[in-house]
Amino acid sequence: MSIDYDQQIPNNVGLSADRRLQRALENWQPKFLEWWNQMGPSGFQTADVYLRTATSVDAKGWATFDYLKMPDYRWGIFLAEPVAEREIGFGEHRGEPVWQEVPGEHRGVLRRLIVTQGDTEPASVEQQRHLGRTCPSLYDLRNLFQVNVEEGRHLWAMVYLLQAYFGRDGREEAEALLERRSGSADNPRILGAFNEPTPDWLSFFMFTHFTDRDGKFQLASLAESGFDPLSRTCRFMLTEEAHHLFVGETGIGRIIARSCELMREHRTERIGDYGGIDLAVLQKYLNFHFSVSLDLFGSELSTNAANYFSTGLKGRFKESDRNDDHRLTESTYRVLRPHAEGIVESEEPALTALNESLRDAYIADCTRALARWNKNIEDSGMDFRLTLPHRGFRRAIGEFQGVYVTPEGLPVSETEWRAREGQWLPTPADREFIGSLMSPVVEPGKFASWIAPPPRGINHQPIEMDYVRHLPTG
Ligand code: BYC
């Protein structure tokens with residue numbers, strides 16, 4: 001079904017044929033806009049931004065680009081095309097037709113998964129709301145806003161599922177998604193990483209690289225779901241998500257390129273005085289964001305995860321490409337666990353270790369991106385190499401919670417860990433220095449001292465295009 005843009009809420013789900021649902025969503029829409037105006041990009045709501053909007057769910061040519069004010073963005077409900085005769089691919093119901101309605105016995109669990117996913121979307125917009133004022137270029141400013149409006153759309157995607165399939169509970173959850181606040185002491189967002197501040201652009205690029213990448217793996221697992229509307233929703237969200245990961249990986253890549261340039265020019269690794277970011281400081285930010293994002297996969301051993309899988313609600317990454325029984329009742333999986341003698345490998349039931357196997361796929365993806373950055377550092381003749389810290393480093397969830405592990409993977413005492421923390425994680429002085437670099441650059445085609453320009457512009461446009469117009473003055 002094509003996307004209907006004549007409707008108050010653009011959609012490809014035939015909303016006009018379901019008056020009850022349409023009314024529920026039209027009732028939620030002004031509340032969403034109120035939240036957006038209050039918690040969305042601060043100071044830029046009247047600027048004209050060169051944004052892409054989804055206009056089709058085809059793999060080819062699914063978006064159009066134009067200038068618009070963010071509150072006028074057409075947030076809508078877009079599901080990927082259904083797959084004919086799709087069957088549940090894993091768990092106890094493997095081989096049965098997928099569900100078009102919520103199976104009664106899984107209602108609570110499914111709602112919780114959808115709410116947890118939905119909660120991350122407005123959270124990230126809240127975390128990033130002040131970044132516009134310190135943008136390193138108009139190109140980056142536009143990318144920030146593109147990410148923000150699409151996170152808003154991902155909230156719509158989850159709210160649609162809640163309103164369409166969960167009755168009154170779903171409506172209440174949809175309201176609550178607009179009430180929690182990132183970092184709030186009284187009513188915080190659900191998952192840890194989404195309550196951390198994103199005060200500067202180095203944190204923003206780290207967040208879009210590492211935390212959005214958790215989104216890629218979680219959405220891909222939910223795209224396997226036996227609940228077909230969730231699967232189709234997540235499949236389309238992944239199309240948009242790819243740009244967010246691009247913003248993160250290339251953003252960090254461009255900082256690295258600029259740092260290497262300054263290191264070469266001034267023959268030193270300490271480039272702060274020249275307006276650059278030391279790779280050693282970048283490594284500390286990386287350590288922080290990687291470890292926070294690892295927590296998002298949940299505990300290494302989780303009966304919740306086993307249940308999601310067995311009941312057909314949440315699959316594995318690329319479930320259908322895997323060559324096993326897709327039930328996992330007999331298999332085991334290798335998990336690293338802290339132990340009195342150190343960190344040991346332990347064979348655990350594969351079903352309870354599903355969070356860990358998803359985390360492994362994520363770490364492998366992060367390792368590939370890291371290799372690309374290191375290749376560029378090497379090509380520029382620098383000796384420095386970035387590393388991913390050990391999975392046990394600075395964990396707040398799961399087996400390694402309360403265990404003090406160095407980035408190299410060595411368990412140490414709390415006292416030793418605390419004494420060395422400043423070598424591994426951003427210190428207040430590091431954060432202050434990064435903050436001091438964050439002066440806005442809004443002249444088309446110009447870039448802040450600490451980041452290289454991208455190789456090309458957005459949508460085949462020149463780099464020096466005025467991607468955001470009518471900026472606030474003062
Ligand atoms: N922080 O059995 P366990 C994205 C809780 S990002 C706080 O190990 P489970 C995006 C857990 O809820 C993708 N609490 O957990 C990125 C449970 O609570 P209860 C978001 C946590 O259920 C950037 C308890 O600890 N999507 O899209 O196996 C920008 C025991 O945990 C955390 C999803 O996450 C944490 N980090 O796994 C925008 C997918 N971790 O039952 C967007 C949906 C665990 O004791 N969610 N807990 O009250 C899930 O699949 C699962 O809920 C989780 C947790 C993987 C998150």
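The values are calculated or read from the model by the stated rules, or taken from the named source; none is laboratory data. These numbers were taken from a predicted model, which means no experiment stands behind them. All Cβ positions, even for glycine, are placed from backbone atoms using ideal geometry, and neighbour counts span all protein chains on display.
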When residues of the range 393-414 are limited to those that are part of a loop (DSSP other than H, G, I, E, B) and among the β-branched types (Val, Ile, Thr), the one nearest to the ligand (Cβ to nearest atom): Ile397
Qualifying residue in the range 104-117 (condition: of a type in the set (Lys, Arg) and under 22 Å from the mean Cα position of the chain (by Cα)): yes
Members of the range 98-123 found to be assigned to a helix (DSSP H, G or I), farther than 25 Å from Ala350 by Cα and not hydroxyl-bearing (Ser, Thr, Tyr), listed by number: Gly104, Val115, Gly118, Asp119, Glu121, Pro122, Ala123
Members of the range 411-461 that are closer than 16 Å to Arg258 by Cβ and basic (Lys, Arg): Lys446
Filter result for the condition that a residue is out of contact with any Lys or Arg (no Cβ under 7 Å at 6 or more places or on another chain), more than 16 Å from Thr198 (Cα to Cα) and free of Cβ contacts under 8 Å to residues at least 60 places away in the same chain, over Glu414, Glu432: Glu414
Residue identified as in contact with a helix residue (DSSP H, G or I) (Cβ under 8 Å, 6 or more places away or on another chain) and surrounded by 17 or more Cβ atoms within 10 Å (Cβ to Cβ) among Arg86, Arg111: Arg111
Conditions (1) within 12 Å of the ligand (Cβ to nearest atom); (2) among the hydrophobic types (A, V, I, L, M, F, W, C); (3) assigned to a helix (DSSP H, G or I): number failed by Ala174: (1)
Matching option when the condition is within 16 Å of the ligand (Cβ to nearest atom) and either among the small types (Gly, Ala, Ser) or buried (at least 22 other Cβ atoms within 10 Å of the Cβ) (or both), among Leu296, Leu301, Leu286: Leu296
Index of the failed condition, Glu265 passing every other in (1) touching a residue at least 12 places away in the same chain (Cβ under 8 Å); (2) part of a helix (DSSP H, G or I): (1)
Tabulated pairs, the range 99-126, first within 14 Å of the ligand (Cβ to nearest atom), second of a type in the set (Asp, Glu), C-beta under 7 angstrom, 6+ apart or interchain: Arg111/Asp169; Arg111/Glu173; Val115/Glu173; Glu121/Glu151; Ser124/Glu151; Val125/Glu151
Boolean, Arg180 is of a type in the set (Lys, Arg) and more than 9 Å from the ligand (Cβ to nearest atom): yes
Index of the failed condition, Gly95 passing every other in (1) outside any helix (DSSP H, G or I); (2) crowded, with 22+ Cβ neighbours inside 10 Å; (3) touching an Asp or Glu at 6+ places or on another chain (Cβ under 7 Å): (2)
Number of the exception - Gly192 against (1) within 10 Å of the ligand (Cβ to nearest atom); (2) at pLDDT 95 or above; (3) surrounded by fewer than 24 Cβ atoms within 10 Å (Cβ to Cβ): (2)
Residue satisfying condition, being within 9 Å of the ligand (Cβ to nearest atom), out of contact with any His (no Cβ under 7 Å at 6 or more places or on another chain) and under 26 Å from Tyr139 (Cβ atoms), within set Gly276, Gly215, Gly272, Gly251: Gly215
Residue ID - surrounded by the most Cβ atoms within 10 Å (Cβ to Cβ), chosen from residues in the range 427-474 that are assigned to a loop (DSSP other than H, G, I, E, B) and of a type in the set (Ser, Thr, Tyr): Tyr467
Some residue of the range 378-392 being in contact with an Asp or Glu (Cβ under 9 Å, 6 or more places away or on another chain), in a loop (DSSP other than H, G, I, E, B), of a type in the set (Phe, Trp, Tyr) and modelled with pLDDT of 95 or more: yes
Checking His130 against (1) under 21 Å from Phe210 (Cβ atoms); (2) crowded, with 24+ Cβ neighbours inside 10 Å; (3) of a type outside the set (S, T, N, Q); (4) away from the ligand (no atom under 11 Å from the Cβ), the condition it does not meet: (2)
Selection status of Met206, of a type in the set (A, V, I, L, M), within 13 Å of the ligand (Cβ to nearest atom), under 20 Å from Asp295 (Cβ atoms) and surrounded by 24 or more Cβ atoms within 10 Å (Cβ to Cβ): yes
Selection within the range 306-329 - within 12 Å of the ligand (Cβ to nearest atom), in a loop (DSSP other than H, G, I, E, B) and within 8 Å of Phe90 (Cα to Cα): Gly315
Candidates Leu370, Leu354 - the one that is within 30 Å of Asp321 (Cα to Cα) and in contact (Cβ under 8 Å) with a residue 24 or more places away in the chain: Leu354
